[in-house]
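Inspection log for the structure reproduced underneath, given as C-alpha cells.
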Amino acid sequence: MDINKVTTAMIDYYQGQPKRIQHFLKVHAYAKLIGEQEGLDKEILDILEVAALTHDIGIKISEEKYNSSAGKYQEVEGPAVAQQMLEDLQYDKAKTDRVCYLIGHHHTYNQIDGIDYQIMIEADYLVNADESNFSGNNVRNMLEKVFKTETGKFLLQSMYQKRLNAKEEK
C-alpha cells in the first residue's frame, strides 16, 4: 500500500488539529529512520510505518468518551478506529491486525514482543520527550530500561544530551 494514502487519511481525520498531525508525522519520521537503520525487512517496515502514523488515532474518541487523551484510553479505543480506516483503505488484513495490536499497546512498555513494537515505543517517546518536556531522569530511565535499538539510543542521547547530563534535584 502507498503510505501516502494512510498519511492523507490521518491528516483528514485530524484536520484542524495541527499539533496532532505534526505529532504523528514526527513519530513516523523517527520510526522510518530507526526501522531502516536497523535493517527491518520491507513487510515489518510497512507495518511499523502504518502503526506510527495511526498510533494516536484513539485520542479523538477518548476525548469524546472519557474527556481524556490518556494513553490507557488511546490503547482501548484506537484499534477499532484504525481497523475501520485501514479496511476502508484496503490495507492487508494480517498487517492491519498487527498495526491494531501496536496501537493497542503503544503506551505499554513491559510487553514488547517484536522489533516493530520496540521501534514504535522509541519513536513515540523521542517526540513525546520534547512535546511534554520530560525530565533528564525520565529520559535517562528510558535510555537505560526501555530503549534497545542502537539507532534509537543514538537519537535519544543526541537529542537530549543536555537533559541527560544535567544534575537534577531529587
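Just a few scattered comments:
- For segment 55-70, the set of residues classified as open to solvent by 10 Å² or more (accessible area, probe 1.4 Å) and either in contact (Cβ under 8 Å) with a residue 12 or more places away in the chain or not charged (D, E, K, R) (or both) consists of 56, 60, 61, 65, 66, 67, 68, 69, 70, listed by residue number.
- Flag not set for residue 118, criterion: of a type in the set (S, T, N, Q) and more than 17 Å from residue 156 (Cα to Cα).
- Residues located in segment 5-54, provided they are open to solvent by less than 10 Å² (accessible area, probe 1.4 Å), under 18 Å from residue 78 (Cα atoms) and either small (Gly, Ala, Ser) or not in a helix (DSSP H, G or I) (or both): 14, 51, 52
- Close contacts from segment 132-150, counting a first residue that is farther than 18 Å from residue 30 by Cα and a second that is open to solvent by less than 70 Å² (accessible area, probe 1.4 Å), with Cβ to Cβ under 6 Å and a gap of 6+ residues or different chains, come to 136/163; 136/164; 136/166; 136/168; 137/168; 140/164.
- Scan of segment 148-164 for residues that are assigned to a helix (DSSP H, G or I), touching a Leu at 6+ places or on another chain (Cβ under 9 Å) and of a type outside the set (A, V, I, L, M, F, W, C), ordered by number: 151, 152, 153, 157
- For segment 55-70, a residue qualifies if it is among the hydroxyl-bearing types (Ser, Thr, Tyr) and outside any helix (DSSP H, G or I), and the qualifying residues are 68, 69.
- Residue list for segment 124-141, filter: part of a helix (DSSP H, G or I), over 19 Å from residue 49 (Cα atoms) and under 15 Å from the mean Cα position of the chain (by Cα): 129, 130, 131
- If you go through segment 71-96 and keep only what is part of a helix (DSSP H, G or I) and either open to solvent by 50 Å² or more (accessible area, probe 1.4 Å) or among the acidic types (Asp, Glu) (or both), you end up with 72, 73, 75, 76, 77, 80, 83, 84, 87, 88, 93, 94.
- Odd one out for residue 73, checked against (1) at pLDDT 95 or above; (2) over 13 Å from the mean Cα position of the chain (by Cα): (1)
- Index of the failed condition, residue 99 passing every other in (1) open to solvent by less than 60 Å² (accessible area, probe 1.4 Å); (2) touching a helix residue (DSSP H, G or I) at 6+ places or on another chain (Cβ under 7 Å); (3) modelled with pLDDT under 95; (4) of a type outside the set (Asp, Glu): (3)
- Any hit, segment 1-10, residues being modelled with pLDDT under 95 and of a type in the set (D, E, K, R): yes
The values are calculated or read from the model by the stated rules, or taken from the named source; none is laboratory data. Computed from a prediction, not measured in an experiment: that's the story for all the values here. Quick reminder, even Gly has a Cβ in these numbers, built from the backbone with ideal geometry, and neighbours come from all protein chains shown. Ligands, DNA and RNA are stripped out before the accessible areas are found, and what is left, the full protein with its side chains, is counted by its heavy atoms. Shrake-Rupley method; radii C 1.70, N 1.55, O 1.52, S 1.80 Å.
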